């Protein structure tokens, strides 16, 4: 084995190690991609869940506003009753108005609470959307890097195959040269007699 063969072997070993490292990098990147896909799926499920909760909160807020309007109408109707018809109606009206005011305050608090819940849900949804976008950008970058590494591995493999084929051709040529040299020596020996 001469010096050139040793250098070729070193280059082949070095390229194999490079390919091995590239394959390991591809495996790591594909694992990271899988993890990112799982995170994106989790975020989309979380987003759907928040959207459902937000829809429920919106419906509750609409229902509370309808109830408040209804109570206001009832209070107006009760106030328009002629209080001179009976003596007890005035007392009942004042009691009913007090109760209505309390109920109205409760409904306002409930509506305010629902609005706060809607705001929180919207803020969380915005945070999840931003996080999902960042993860998608990272996923695209990792896919590009993985594809680049795959292309490098393919190039290394084709180089190695070409070198292997060239080496085989060189061995065949050496055999043909050796055979030709032997045939010539035999012919020279025949002519020498």
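The values are calculated or read from the model by the stated rules, or taken from the named source; none is laboratory data. Since we're looking at a predicted model, the values are computed, not measured. Cβ atoms come from the backbone with ideal geometry, glycine included; neighbour counts cover every protein chain shown.
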Inset, instruction - Could you figure out which of (1) within 15 Å of residue 116 (Cα to Cα); (2) surrounded by 12 or more Cβ atoms within 10 Å (Cβ to Cβ); (3) free of Cβ contacts under 8 Å to residues at least 12 places away in the same chain isn't true of residue 50? - result: (3)
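Residue under question is residue 77, and the condition is that it be part of a helix (DSSP H, G or I) and at pLDDT 80 or above; does it hold? Write out each step before concluding.
Working: part of a helix (DSSP H, G or I): yes; at pLDDT 80 or above: no.
Judged against the criteria, residue 77 is not a match.
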Legend entry - Failed item in (1) under 26 Å from residue 42 (Cβ atoms); (2) exposed (fewer than 14 other Cβ atoms within 10 Å of the Cβ), with residue 121 passing the rest: (2)
Inset, instruction - Can you give me the number of residues within segment 12-33 that are more than 13 Å from residue 150 (Cβ to Cβ) and touching a residue at least 40 places away in the same chain (Cβ under 8 Å)? - result: 5
Legend entry - Hey, residue 130 free of Cβ contacts under 8 Å to residues at least 24 places away in the same chain, more than 30 Å from residue 31 (Cα to Cα) and assigned to a helix (DSSP H, G or I) or not: no
Inset, instruction - Inspect segment 2-13 for any residue being outside any helix (DSSP H, G or I), on the phi < 0 side of the Ramachandran plot and loosely packed, with under 15 Cβ neighbours inside 10 Å and give the result as yes or no. - result: yes
